[in-house]
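Note sheet for the following structure.
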């Protein structure tokens, strides 16, 4: 598979747009009524992210989130007979079927997939800011806003080949921002479900793909970093359409689109699931985002 195809798949983790979703206006009004205003914001930029794979010693274990509030087995028609994972901490019902597809991608790319993702971050192609707005208490605050923004810059990396913390980036003001209601509890921020539009603008790829019913769970560290998991559903039809626009071989196209259909497990319709669940592990380091 060619490098731009790798980065296309990697880019699914990155993006921003209007949060949308039914009832967004009502939710905002309710939050405004019960939440006191605060001007405190903490910002970070994603320094490392990667699609989660099954555990090396147990193929039934993987990180992720329970996106459909179900514990599906291989006989569950609502999950299109795709058995959920169990998290490393024992949480059942983890939806992350893309993890089963990644070994196929690794075989096609000679194991270059993760390096392509990290390289795109380190060279500034895939820079995403995450801000927590309206913080009163960094440990427990039921009324904060989580914002995803595309940023630009020429980042420096440390000896671990990760973006240095404390760098300054510029907001890409021509890009929309995703804002969603969130909460902090014992230093863990949670948000969702919400619609996360994913703009893909790397090499010859230039389109928007949606991460449906997205959720996030991440720990806010004392140093301002965020570390956790983003989960959501990728539309099989949407992504398949975009794959066909790339300059990759027909065999590669067929392999990717066929595997997406096989492992789809969300949004069942007429006996077939329309989305495949994905789990993304990320680390975002404290940063300054300037207009």
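The values are calculated or read from the model by the stated rules, or taken from the named source; none is laboratory data. Just so we're clear, the structure is a prediction, and the values are computed from it rather than from any experiment. Cβ sites come from the backbone with ideal geometry, for glycine too, and all protein chains shown count toward neighbours.
Quick look at the numbers
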quantity	calculated
Any hit, the stretch 35-44, residues being closer than 27 Å to residue 94 by Cβ, modelled with pLDDT of 95 or more and either within 17 Å of the chain's Cα centre (by Cα) or assigned to a strand (DSSP E or B) (or both)	yes
Complete set of residues in the stretch 133-155 that are under 23 Å from residue 38 (Cα atoms), outside any loop (DSSP other than H, G, I, E, B) and more than 18 Å from the chain's Cα centre (by Cα)	133, 141, 142, 143, 144
Residue 191, sole failed condition from (1) without any contact (Cβ under 8 Å) to a residue 60 or more places away in the chain; (2) buried (at least 20 other Cβ atoms within 10 Å of the Cβ); (3) farther than 29 Å from residue 260 by Cβ	(3)
Count of residues meeting criterion [surrounded by 14 or more Cβ atoms within 10 Å (Cβ to Cβ) and either touching a helix residue (DSSP H, G or I) at 6+ places or on another chain (Cβ under 8 Å) or more than 25 Å from residue 266 (Cα to Cα) (or both)] in the stretch 223-243	11
Residue 116 vs. criteria under 30 Å from residue 251 (Cα atoms) and either modelled with pLDDT of 90 or more or in a helix (DSSP H, G or I) (or both)	yes
Options 227, 286, 269: the member that is modelled with pLDDT of 90 or more and over 24 Å from residue 179 (Cβ atoms)	269
Flag for residue 181 being touching a residue at least 24 places away in the same chain (Cβ under 8 Å) and more than 30 Å from residue 269 (Cβ to Cβ)	no
Candidates 220, 266, 260, 246 - the one that is buried (at least 17 other Cβ atoms within 10 Å of the Cβ), in contact with a strand residue (DSSP E or B) (Cβ under 7 Å, 6 or more places away or on another chain) and within 21 Å of residue 45 (Cα to Cα)	220
Residues satisfying the stated conditions in the stretch 119-132, i.e. surrounded by 15 or more Cβ atoms within 10 Å (Cβ to Cβ) and either part of a helix (DSSP H, G or I) or over 18 Å from the mean Cα position of the chain (by Cα) (or both)	119, 120, 121, 122
